[in-house]
Amino acid sequence: MTWPARPEMRDDIPAVRAVNAAAFPTEAEAVLVDTLRKDSLAWLPGLSYVAEAPDGSVAAFALLSRCWVDGVPALALAPVATAPEYQRRGAGTAVVRAVLEGARWYAERLVLVLGHPEYYTRFGFVPASRYGIRPSFEVPDEAMMALVLDDSAPVPRGTIEYPPAFGV
C-alpha cells in the first residue's frame, strides 16, 4: 500500500488532532501540537506533514518544530502519530520520510528525536551522544537520537533546548 504524504493544510487540523488523540494513551500529544501551533518561534510552516489513507483521510502525522542545541537551531521530531487502524502498515514510515525530505528542502541541518531506536534508526538516526548532544533530562542514551541532514558545517554540541510547549 502506498501512503501519499504532504504538508498539512488548514483543513487537516481537526483530523491531525484526532489522529494524535487516538494514537496515544492520553491527549498530551494532541495538546502539544495545539500549543506548538501558537508558538511563532517553534512552529515552522511547511514542516507539519500528513500521510493520506486510500480514502484521502489523514492516516498519519509527523511534526518538526524548532529546538536549539546550545543556541544553534535544530529540529525536534515530535509527535509522530498513526491512526490505530493504519498502524504497522507503513503510514508512519511514509510520513516521517516525507517530513525529513521537507526539512532537507528547507535546508535544515539537524533533527533530534526521543523515541524507539529500533524504529528511528531506519531513517538514519543515531544516538545524539555521538555528537555530544544531550537533553536536559534523564533518558536512556539510545533513545535520544540525532540525524544530520547537512554535514557541511560542524554539528553543534551541547544541551537541547525544547520549546516551552514540551514542558522540559
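So the values come out like this:
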read-out: Relative contact order, percent, the range 72-141 [alpha-carbon distance under 8 Å, six or more residues apart]; value: 38
read-out: Carbon plus sulfur fraction of accessible area for the chain, probe 1.4 Å, in percent; value: 54
read-out: Stretch gain in nm, segment GLU142-MET9, where the contour uses 0.36 nm per residue and the Cα spacing is subtracted; value: 44.5 nm
read-out: Pairwise label distance in nanometres, SER57 with LYS38, each label 7 Å out on the Cα-Cβ vector; value: 2.9
read-out: Hydrodynamic radius by Kirkwood, which averages 1/r over all alpha carbon pairs of the chain, in angstrom; value: 15.9
read-out: Alpha carbon centroid spacing (whole Å) that separates the range 89-164 from the range 1-56; value: 19
read-out: Debye intensity ratio I(q)/I(0), log10, the range 4-59, q values 0.22, 0.25, 0.28 Å⁻¹ (C-alpha model); value: -0.89, -1.08, -1.23
read-out: Potential extension, GLU118-THR2 segment - 0.36 nm per residue separation minus Cα distance; value: 39.5 nm
read-out: Sparse-neighbour loop sites [GluC sites (Glu not before Pro); the range 129-168; at most 15 other C-beta within 10 Å; DSSP]; value: GLU138
read-out: Principal semi-axes in Å for the range 42-94 [√(5λ), Cα gyration tensor, largest first]; value: 27, 11, 7
read-out: Relative contact order (%) - criterion: Cα under 8 Å, at least six apart; region: the chain; value: 23
read-out: FRET E, pair GLU27, ASP150, Förster distance 25 Å, beta-carbon r, rounded to 0.05; value: 0.10
read-out: Cleavage-rule hits, GluC sites (Glu not before Pro), the range 1-79, DSSP coil, Cβ neighbours within 10 Å at most 15; value: GLU27
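The values are calculated or read from the model by the stated rules, or taken from the named source; none is laboratory data. From a predicted model like this one, the values you see are computed outputs, not experimental measurements. Ideal geometry is used to build each Cβ from the backbone, glycine not excepted, and the neighbour counts take in all protein chains shown. Remember, those area values only see protein heavy atoms, side chains included, never the ligands or the DNA or RNA. Shrake-Rupley method; radii C 1.70, N 1.55, O 1.52, S 1.80 Å.
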